[in-house]
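A.B. asks: One structure, as structure tokens, below. Some questions next.
The values are calculated or read from the model by the stated rules, or taken from the named source; none is laboratory data. Note that the structure is predicted; figures quoted are calculated from it, not measured. Cβ coordinates were reconstructed from backbone atoms using ideal geometry, including for glycine residues, and neighbour counts include every protein chain displayed.
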Amino acid sequence: MYAVIMESEESSPEQSEPPDSSPSYDFLSRFYDNISAPGEKRFTRAGLALLAPARNETVLEIGFGTGHSLVSMARAVGENGRVYGIDLSKGMLRVTQNRLNAAGLTEQVVLEQGNATKLPFEPSFFDAVFMSFTLELFRAQAIPRVLAECRRVLKPDGRLGLVSLVETNPLTMSQRLYLWAHHTFPRVVDCRPIPVVPLLEEAGFAVSRHEQDSLKGVPVSMIVARHQSHPEA
Ligand SMILES: C[S@@+](CC[C@H](N)C(=O)[O-])C[C@H]1O[C@@H](n2cnc3c(N)ncnc32)[C@H](O)[C@@H]1O
């Protein structure tokens, strides 16, 4: 949440070919756990609990950062389950690989370096996809592309788990401040609250579970969404 995303607000979708790596997150990867707001992890844990990866499932985390959630997901799906992670940053990949080695989970978790706007997976491959404090890094035009990719790789009964800063209407004072900081210092404050539920609905998802909390006055949503056609949606 503290470095600039490779696809900035200024660039158009046409201009922005997926970058090969994320230098800012590469740099941050070594101390990301120390600088990311300590409060953030509790939202991520709550989001994972809501998604509830189950034994034997095949699951994906997009933007896995330093890999804490991948470890939890691997333990939840067990030896016969499969966990995949994709992140743009080679540095994050390195840190996460070390974490998986230490946890003895290298066999069970497959890491990819790649871009969420073009997931290197077959359609209908995953039971669940998880994304925490990552969707709100993408510029507005790229978010539908990322969500369309999530929808493509999920099975028809699959679940998308999201943890995200939320933009409400009207905006609260904290949201205004956050948005101001994002627009004024985009290289430092690379994320911003986004209208998560409308974005999900426009992308063909329906929210099936939703919890909300707040991070220094900015609402944070923990959501499970399914294809709109799913009976539980
Ligand atoms: C704010 S961090 C969140 C990390 C982790 N999910 C968490 O909650 O701590 C965002 C992560 O998304 C990754 N990322 C940024 N742009 C990406 C992209 N286009 N595709 C895939 N991952 C990306 C970054 O490298 C970083 O690891």
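A.B. asks: Could you tell me which residue of region 101-121 is surrounded by the most Cβ atoms within 10 Å (Cβ to Cβ), considering only residues that are out of contact with any strand residue (DSSP E or B) (no Cβ under 9 Å at 6 or more places or on another chain) and within 15 Å of residue 153 (Cα to Cα)?
C.D. replies: Ranking the candidates gives 117 first.
A.B. asks: Would region 143-152 turn up any residue that is without any contact (Cβ under 8 Å) to a residue 60 or more places away in the chain and either within 19 Å of residue 39 (Cβ to Cβ) or more than 17 Å from the chain's Cα centre (by Cα) (or both)?
C.D. replies: No, there is no match, as no residue in region 143-152 is without any contact (Cβ under 8 Å) to a residue 60 or more places away in the chain and either within 19 Å of residue 39 (Cβ to Cβ) or more than 17 Å from the chain's Cα centre (by Cα) (or both).
A.B. asks: Just to be sure, is residue 108 among the polar types (S, T, N, Q) and in contact with a Ser or Thr (Cβ under 8 Å, 6 or more places away or on another chain)?
C.D. replies: Taking the combined requirement at face value, the residue does not satisfy it.
A.B. asks: Give region 217-233 a look and list any residue that's within 16 Å of the ligand (Cβ to nearest atom) and either assigned to a helix (DSSP H, G or I) or over 16 Å from the mean Cα position of the chain (by Cα) (or both), or say none.
C.D. replies: The answer is 218, and nothing else.
A.B. asks: Quick test of your reading of the structure: residue 184 fulfils all but one of (1) farther than 21 Å from residue 47 by Cα; (2) within 14 Å of the ligand (Cβ to nearest atom). Name the failing condition by number.
C.D. replies: Going through (1) farther than 21 Å from residue 47 by Cα; (2) within 14 Å of the ligand (Cβ to nearest atom) one by one, residue 184 breaks only (2).
A.B. asks: Moving to a separate point now. Would you check if there is a residue in region 68-90 being free of Cβ contacts under 8 Å to residues at least 24 places away in the same chain and either within 25 Å of residue 192 (Cβ to Cβ) or of a type in the set (S, T, N, Q) (or both)?
C.D. replies: No, region 68-90 contains no residue that is free of Cβ contacts under 8 Å to residues at least 24 places away in the same chain and either within 25 Å of residue 192 (Cβ to Cβ) or of a type in the set (S, T, N, Q) (or both).
A.B. asks: Would you check if there is a residue in region 123-130 being at positive phi and out of contact with any Cys (no Cβ under 8 Å at 6 or more places or on another chain)?
C.D. replies: Yes, region 123-130 contains a residue that is at positive phi and out of contact with any Cys (no Cβ under 8 Å at 6 or more places or on another chain).
A.B. asks: So, in region 64-80, how many residues would count as being of a type outside the set (A, V, I, L, M) and in contact with a strand residue (DSSP E or B) (Cβ under 6 Å, 6 or more places away or on another chain)?
C.D. replies: 2
A.B. asks: Please list, ordered by first then second residue, the pairs with beta carbon atoms under 8 Å, 6 or more apart or interchain, first in region 28-51 and closer than 21 Å to residue 161 by Cα and among the hydroxyl-bearing types (Ser, Thr, Tyr), second within 12 Å of the ligand (Cβ to nearest atom) and modelled with pLDDT under 80.
C.D. replies: 36/1; 36/2
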